Every structure is written in structure tokens, then in C-alpha cells.
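The values are calculated or read from the model by the stated rules, or taken from the named source; none is laboratory data. Every value quoted in this text rests on a predicted model; they were computed, and no experiment measured them. All Cβ positions, glycine included, derive from the backbone under ideal geometry; neighbour counts span all protein chains shown. Ligands, DNA and RNA are excluded from the accessible area calculation, which covers all protein heavy atoms including side chains. Shrake-Rupley method; radii C 1.70, N 1.55, O 1.52, S 1.80 Å.
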Amino acid sequence: MFGGHGGYAAASPERWKGGSVAVCTDGDPAAVDVVARLHEALGATVVRCAAAEHDAAVAMVSHLPYLVASALALAVKEAGPLAARLAGPGLKDMTRLASFPFDIQGEVSRRNAHLPEAARGLEAHLHRILAAIGESPEAARSALEAARAAREELYA
């Protein structure tokens, strides 16, 4: 997962440097080693995992964010012109993934059998945060500070 903007048109061999590539270990070990060495030679960090582990992980960190961004874009559109006029760079950042064409992100998301479970996990966290907001300022602070700390840990 190398990130970036521009889809296939922005492809560059430099993207491998510092990126992470999952190499699924379910196949022939010799072939897995060849593929891993290729990506390492290009400068990527290789993460070896089983295909099911890969699919569960990317459901959470790639496919679910795409769906959340898409749903948020639709919700803001339905909120009306004032919401759109008041939207700042944060909303643009949050909805960037919704700009991916279906053929790039939508089809792989649709085919990931782990996506519903990832969505249920997100839904549970959203319900807990909303309940905390409704409960008290202290509960809201605790829930949102825990989320902030989780984000900081991800990108430490």
C-alpha cells in the first residue's frame, strides 16, 4: 500500500521505496521467495502473510476507508448546499478515497469477504463514541482522546 494521488497515471517506480507489499505465503515457497526478493530489490518492505490474513487486514485499512469516504461524500451531498459551502480541507481529506474509480478500488472492495466484519467493527466504535458524546463531556473526552491516541500510535 503505497498511497498517493492520481491512480495509475501517477504510477512511479519510486513508489516502491519505503512502501509495504504483502506477499501471500499460501503458494509455492520458492515462488513466494522470488516475488518477495523482487519487491525488496525495488525498495519495498515485504510483509509475508497468508492470503486470508491479508484480506482481513486490507478490508480494515483500505477497503473500509474507501466505503466510509464514499458514504461521507453522499451524506454531505444530502446535507445540502450550506454544508457543502462550509466544508473545509478536512472534508476534502476525508473523502479523497471516494474519488477513486470503481475499477481501481470498488471491485476489490466488493470482492473482499472480510469487509462486512470490518464494517461491523467500525460501526461498534461509532456507536460507542456517539453514546459517550450523549452521556457527558467527560465520557466524550475519554472516547475521543482514546481515538486520538490510537491514531497517534498508528503513525508514531
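The table that follows gives values for the structure above.
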read-out	value
Accessible solvent surface per residue of the chain, calculated while the other protein chains remain in place, 1.4 angstrom probe, Å²	71
Modelled label reach - L91, point 7 Å along Cα→Cβ, region 41-75 residues with backbone N closer than 17 Å	68-75
Hz values of 3J(HN,Hα) by residue in region 22-34 - Karplus curve (6.51, -1.76, 1.60), Gly and Pro given as x	7, 10, 6, 9, 6, x, 4, x, 5, 5, 4, 5, 4
Inter-label distance, nm, simple model (7 Å from Cα along the C-beta direction), E40/A140	5.1
Protein accessible area in region 30-153, 1.4 Å probe - carbon and sulfur %	63
Taking the chain and dividing mean pair separation by its residue count, relative contact order in percent (alpha carbons under 8 Å, at least six apart)	18
Long-range amide H partners of G19 with built H, under 5 Å	T45
Structure-based [θ]222 nm, the chain - -39500 (n - 2.57) summed over DSSP H runs of at least 4, per residue, nearest 500	-18500 deg cm²/dmol
5 angstrom amide H check on R48, placed H, neighbours 5+ away	V23
Label-point gap, in nm, between A124 and A30 - each point 7 angstrom along Cα→Cβ	4.4
From phi via Karplus (6.51, -1.76, 1.60), per-residue ³J(HN,Hα) for region 86-97 in Hz, x at Gly/Pro	8, 5, x, x, x, 5, 4, 4, 5, 9, 4, 5
Cβ-placed point charges (K, R +1; D, E -1), dipole of the chain about Cα centre in debye, nearest 20	520
